[in-house]
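Every read-out reported here was derived from the displayed coordinates using simple, explicitly stated rules and does not represent laboratory data. Keep in mind it's a predicted model, so treat the numbers as computed, not measured. Reconstructed Cβ throughout: ideal geometry from the backbone, glycine too, with neighbour counts over all protein chains shown.
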Amino acid sequence: MNALSPPQRKRRILIVEDGATMRMFYRDVLETAGYDVEEAVNGVEGVERAMSGDFDLLVVDINMPKMDGYEVMRSVRADEALWRLPVISVSSEAKEQDAIRAYEAGANLYLVKPVRPRDLEEMVRLLTAGALR
């Protein structure tokens, strides 16, 4: 970087996950990889935070109280300012119809728990770089 280059800001990730253990796992993996991470404990909070923040990517659990991940993704895709925001949906459901439903709701990627740290980091890197859409 030369003296005239502006400092590059860290990419910001919003984790929308009701499970404290999973939030901690995602946070640890992504902060270690150099991302700024914020959390929402349910879908309603996730949509509110996504709409009020400047995030580069969302990691959204499917099964949550108040508003599930499908609803979160549909809300994000319906918002003019957020419709292009990359979303990784994560679920314990491994059936093809669950993945199809997530993609129809707006997911860019569908990962099945348990997610390996290396896989999460790589998928986030590719999506935030615009390599996957």
What is the gain in length, in nm to one decimal, between Glu38 and Glu93 on full extension, counting 0.36 nm per residue of separation less the C-alpha to C-alpha distance?
17.3 nm
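For Cα pairs less than 8 Å apart in space and 6+ apart in sequence, what is the mean separation divided by the residue count of the range 6-62, i.e. the relative contact order in percent?
50 percent
Report, as a whole number in µm² per second, the diffusion coefficient that Stokes-Einstein gives for the chain at 10 °C and 1.306 mPa s using the Kirkwood radius over alpha carbon pairs.
Details: Rh = 14.8 Å.
Rounded to a whole number, D works out at 107 µm²/s.
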Placing +1 on each Lys and Arg Cβ and -1 on each Asp and Glu Cβ in the range 1-126, then taking the dipole about the Cα centre, the residue among Leu111, Val29, Val59 whose Cα reaches farthest towards the positive end is Val29
Near Lys113, which lysines are there with a Cα under 18 Å away, not counting those fewer than 8 places off in the same chain?
Lys95
Under 9 Å from the Cβ of Val47, count the other residues' Cβ atoms, weight Lys and Arg +1, Asp and Glu -1, and hand me the total.
-3
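Compute the FRET efficiency between Glu80 and Lys10 as 1/(1 + (r/R0)^6), taking r as their Cβ-Cβ distance and R0 = 22 Å, and round to the nearest 0.05.
Values: r = 25 Å, r/R0 = 1.16.
Here the calculated transfer efficiency is 0.30.
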Evaluate the distance, in nm, between pseudo-label points positioned 7 Å from the Cα of Glu48 and of Ile100 along their respective Cα→Cβ axes.
3.6 nm
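Report, in deg cm²/dmol and to the nearest 500, the calculated mean residue ellipticity at 222 nm for the chain, where each DSSP H run with n ≥ 4 adds -39500 (n - 2.57) and the sum is divided by the residue count.
Details: 5 runs with 55 residues, N = 133.
Estimated from H runs of four or more residues: -12500 deg cm²/dmol.
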Under the definition of Cα pairs under 8 Å and six or more residues apart, what whole-number percent is the relative contact order of the range 12-128?
24 percent
